[in-house]
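Asks: Below: one structure in structure tokens.
Since every read-out is calculated from the coordinates, none of them should be taken as a lab result. Just so we're clear, the structure is a prediction, and the values are computed from it rather than from any experiment. Glycine gets a Cβ as well: all are built from the backbone with ideal geometry, and neighbour counts include every protein chain shown.
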Ligand SMILES: *Cc1c(COP(=O)(O)O)cnc(C)c1O
């Protein structure tokens, strides 16, 4: 049985349905490759985080990491679910505000925010800017002096926690391009500088230890380290934070082998760790913020591809090509990310052969799934790749001048196009003759 998430099931025609919509119908209507998002599943995951905090009576903010996937409709959905968002560029700020996100619920991250972007954020009333480095302290301070404004800020600390995950998506360790390092004293220096500058309203500290983390241990270690340094700052500077932001990185299931905690369990573990440390150190309990990205959106997304050519090399391998690939999902090529999938239009067909699913891009590395058992397939069969909702469309590109796919939200039997498929005209829209 394939991995099914949320509302995904099969109907009498042996077709996959998501949100009550037959995916065969969806691809007839919108074409392939097609991203389909199960809105009920997004809501359920969002509520898993938000409502657990609320039920524990802890002041909190659940801030969705836009970079996992964003568009106007996504921001509208986040507003409905009372989530904030984090952004890492002025482009994401622009989209978020256009999508109806209140600026005060936006958090601005990044290790090299430009002067233009910081000015844009300040002018548009972005709620919190997370200062990442010394250069940014000076840059933002100068902008605020020019505009005569004050700005809520936090600053990012690398607590020196190594979470068990891929090197490219590890960020909490000392040797990182992000944040102020604790051990060398940079974080303390940053605190002094920020406190001394009256343009800044310092709300607290942030850390983000990595991504696709399955257990609570890394977060607990981070909480412990953060509170130790906070307690030191309380003694030395008489400064206590209002907010402790523990970042995102909560894992999801891409394949059967992945076994992450549920959102509820992550929140409970983090809350109890913060409460425990605060009691131990008699530190006033801060508001707790988290920044889940993939854990809200990954499993809700399914990519539908049409099967095209196949190539069988006797005693070597059977290749199955689909009409998308590294342009709509670069994660396998970039991180060796693993995915699962199945034939979406004839579920009872038995998987009899180990094949390699590849894309249509001119790179040998354009492999979506290195090894998967699938039934014999015909051209025009539909292949569903599951758990593609995060960092798929958001990293999509026009390599080989292929068109970016369409994106559809489905809920209660209703489908809604939220990003239209690109056209050839779109492709040359920026070209100057
Ligand atoms: C990427 C990122 C997140 C979200 O990570 P996920 O793995 O998608 O949950 C949260 N916070 C920061 C600062 C990030 O860079």
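Asks: Can you sort 231, 328, 175 from fewest to most other Cβ atoms within 10 Å of each residue's own Cβ?
Replies: Fewest-to-most Cβ neighbours within 10 Å comes out as 175, 231, 328.
Asks: Within a 10 angstrom radius of the beta carbon, how do 14, 299, 425, 287 rank from fewest other beta carbons to most?
Replies: Least to most surrounded, the residues fall as 425, 14, 287, 299.
Asks: I'd like the projected area of the chain, averaged over all directions, using the convex hull of its alpha carbons. Report it in nm² with one decimal.
Replies: 22.5
Asks: For the stretch 195-280, evaluate the Debye formula with one uniform point scatterer on each Cα (no solvent term) and list log10 I(q)/I(0) at q = 0.20, 0.23 Å⁻¹, rounded to two decimals.
Replies: Cα-only, vacuum Debye calculation for the stretch 195-280: -0.94, -1.12.
Asks: Using only Cα atoms, find the angle between the long axis of helix 186-196 and the longest principal axis of the chain, and express it within 0 to 90 degrees, rounded to the nearest 10.
Replies: Helix 186-196 and the main axis of the chain meet at about 60 degrees.
Asks: Nearest 10 degrees is fine. How inclined is helix 134-147 to the longest principal axis of the chain, computing both from alpha carbons?
Replies: So the helix axis and the longest Cα principal axis differ by about 80 degrees.
Asks: Taking the Cα centre of each part, how many Å lie between the stretch 191-264 and the stretch 43-97?
Replies: Here the answer is 17 Å between Cα centres.
Asks: Let me ask you something else. Sorting check: for 266-276, 199-209, which peptide has the highest mean count of neighbouring beta carbons within 10 Å, and how do the rest follow?
Replies: 199-209, 266-276
Asks: Give or take rounding to whole Å, what are the principal axis extents of the alpha carbon atoms in the stretch 20-96, in descending order?
Replies: Taking max minus min along each principal axis of the Cα atoms, the stretch 20-96 gives 47, 32, 16 Å.
Asks: In whole angstrom, and with the biggest value first, how far do the Cα coordinates of the stretch 39-294 range along each principal axis?
Replies: Projected onto its principal axes, the Cα set of the stretch 39-294 covers 51, 44, 36 Å.
Asks: So what is the 222 nm mean residue ellipticity for the chain from helices alone, if each DSSP H run of at least 4 adds -39500 (n - 2.57) and you divide by all residues, rounding to the nearest 500 deg cm²/dmol? All intermediate terms of the calculation are to be shown ahead of the outcome.
Replies: Numbers: 12 runs with 131 residues, N = 433.
Theoretical 222 nm ellipticity from helices: -9000 deg cm²/dmol.
Asks: Further question: Using Cα pairs closer than 8 Å and at least 6 residues apart in sequence, work out the relative contact order for the chain, in percent.
Replies: Answer for the chain is 20 percent.
Asks: Relative to the longest principal axis of the chain, what angle (0 to 90°, nearest 10) does the C-alpha long axis of helix 39-55 take?
Replies: Roughly 30 degrees, rounded to the nearest 10.
Asks: For 370, 98, which order do you get if you count the other beta carbons within 10 Å of each Cβ and list the fewest first?
Replies: 98, 370
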